[in-house]
Amino acid sequence: MTLDNDFARLADFEPMKAELTGIRQHLHANPELSFEEAETARFVAEKLEAWGYEVTRNVGGHGVVARLTVGPGTKSIAIRADMDALPITEQTGRPYASKITGKMHACGHDGHTTMLLGAAQYLARTRRFSGTVNLIFQPAEEAGELSGAQAMIKDGLFERFPFDVIFGLHNHPGAPEGTLLLRSGPLMAAADTVEITITGKGGHASRPHLTIDPVVVACNLVVSLQSVVSRSIDPTQTAVVTVGAIHAGEAANVIPESAKMLLSVRSFDPKVRSLLQERIRKLSASVAEGYGASIKIDYGHGHPVVVNSEKETEFARMVAEELVGADKVSICGLIPGSEDFSHFLEHKPGSFLRLGNGLDSAILHSAKYDFADESLTVGAAMWARLTERYLA
Ligand code: NI
């Protein structure tokens, strides 16, 4: 039988509070954008090496993987934190605000990195587990289509650092500090961007019969696309198709040669996502064909849906409830934003959690946003206890 105090508790992290706050504020003052995280990676790697981890640098760019095996256990867990900042000029007025105009930790990745470092230090000191822990410090989460998670996978993450399950978290403005939110199944959306170019035949506005008018085709297509979600998607599912831009023509008396449309397509289910793509492609092609126009569709795939596996999510929920109490653990609603952690979850079971950043926290990617340092010890303790529990 195991006792509660065989595993990391919040009280174990209280003495580390000042140190973790110092690390977080240091990272906050020195933000680095996606693909530029050289100093952050060096800072992280040097600490991990000093604590006795086997550290591999430059995994998929500036990625750092720290590995520690204790005892004869054969299980292996991975925990990921992201390290990059955003091209925003900070307006918080904090004493530790960004030193660099136009760069800012406006998504709390400074906090995510610090919490994983806190867990790393604790786990290396206490060594109360049997198996292997892999700490993944990922670059370029904010980079869009070819982001850090994909770069690390491409650089052999799964083969070079084998693990059974993976966990990660993001801070969550609007939930009380130190609370944890979990959701089994889909959590965050896939966000795809589609560029449609309609090519007709330009000419004089007074002689439309000699042209193929791409403006008429585009307008019909906007109306037709409204039927994709309403007529093709299961009403118990959720999806969005938004035509955010139409560009065509310059003058009242000229029928233009072509029209361009930009769509944002969001979904929470991989099957819904591929059905949306199929319907948008077919409908666009047939509408254009009906008017004698030609069409080119660039379907840009953003990150996939974040789909949390049930077993690992329930495991994390149990650990969270032990750590902070059931009253501070809740079910997370669907989040329409996207996150590149989804790429890891396409290959490995695991769960992406959310950690409250305060009810009055500014929203993510805002110039007034700041990570809540009060949550640092909760996140660090959560990773430590989750590791100890999984590798018990
Ligand atoms: Ni983020």
Original post:
Got a number for the accessible area of Phe352? Probe 1.4 Å, square angstrom, nearest 10.
Top reply: 0 Å²
**OP:** Find the centroid of the Cα atoms in the range 141-186 and in the range 363-377, then give the distance between the two in whole Å.
**Re:** 18 Å
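Taking the chain, how much of its Cα-Cα pair set, in percent, is spaced more than 35 angstrom apart?
Values: 26027 of 76636 pairs.
Roughly 34 percent, rounded to a whole number.
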Original post:
Taking only DSSP H segments of four or more residues, each worth -39500 (n - 2.57), what value at 222 nm results for the chain once the sum is divided by all its residues, to the nearest 500 deg cm²/dmol?
Top reply: -10000 deg cm²/dmol
Original post:
Can you give the Rg and Dmax of the range 288-392 based on its C-alpha atoms, in angstrom?
Top reply: 19.4, 67
Original post:
Measuring from label point to label point, each 7 Å out along Cα→Cβ, what is the Lys296 to Asp164 span in nm?
Top reply: 5.1 nm
**OP:** Quick one: accessible surface of His301, probe radius 1.4 Å, all protein chains present, in square angstrom to the nearest 10.
**Re:** 80 Å²
Original post:
Among Gly333, Leu391, Gly108, whose Cα lies farthest out toward the positive end of the dipole of the chain, if unit charges sit on the beta carbon of Lys, Arg (+1) and Asp, Glu (-1)?
Top reply: Gly333
Original post:
Given a Förster distance of 25 angstrom, what is the FRET efficiency for Arg9 paired with Glu314, based on the Cβ-Cβ distance and rounded to 0.05?
Top reply: 0.75
Original post:
If you average the sequence gap of Cα pairs under 8 Å that are 6 or more apart and divide by the length of the chain, what percent do you get for the contact order?
Top reply: 26 percent
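Sorting Ser274, Ser366 by accessible area (1.4 Å probe), largest first, what list results?
Reading off the accessible areas and sorting them downward yields Ser274, Ser366.
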Subject >> Highest-first arrangement of 82-88, 119-125, where packing means the average Cβ count within 10 Å >> reply: 82-88, 119-125
Original post:
R0 = 56 Å: FRET efficiency of Ala50 with Ser230, Cβ-based, nearest 0.05?
Top reply: 0.45
Original post:
Highest GNM mean-square fluctuation, the chain, Cα pairs closer than 10 Å: which of Leu187, Leu169, Leu262?
Top reply: Leu262
**OP:** Note the full-extension length gain between Ile246 and Glu321 as 0.36 nm times their separation in residues minus their Cα-Cα distance, in nm to one decimal.
**Re:** 22.1 nm
Original post:
Counting only the heavy atoms of the protein chains, how much of Cys107 is accessible to a 1.4 Å probe, in Å² to the nearest 10?
Top reply: 10 Å²
Subject >> 5 Å-binned pair-distance histogram of the range 190-301 (Cα, whole percent) >> reply: 2, 12, 23, 22, 16, 11, 7, 4, 2, 0
Original post:
Got a sec? What order do Leu117, Leu10 fall in by accessible area at 1.4 Å, biggest, i.e. largest, first?
Top reply: Leu10, Leu117
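The values are calculated or read from the model by the stated rules, or taken from the named source; none is laboratory data. Since the structure is predicted, the reported quantities are computational estimates derived from the model, not experimental observations. Cβ: placed from backbone, ideal geometry, glycine included. Neighbour counts: every protein chain shown. Heads up: the accessible areas ignore ligands, DNA and RNA and are worked out on the full protein's heavy atoms, side chains in. Shrake-Rupley method; radii C 1.70, N 1.55, O 1.52, S 1.80 Å.
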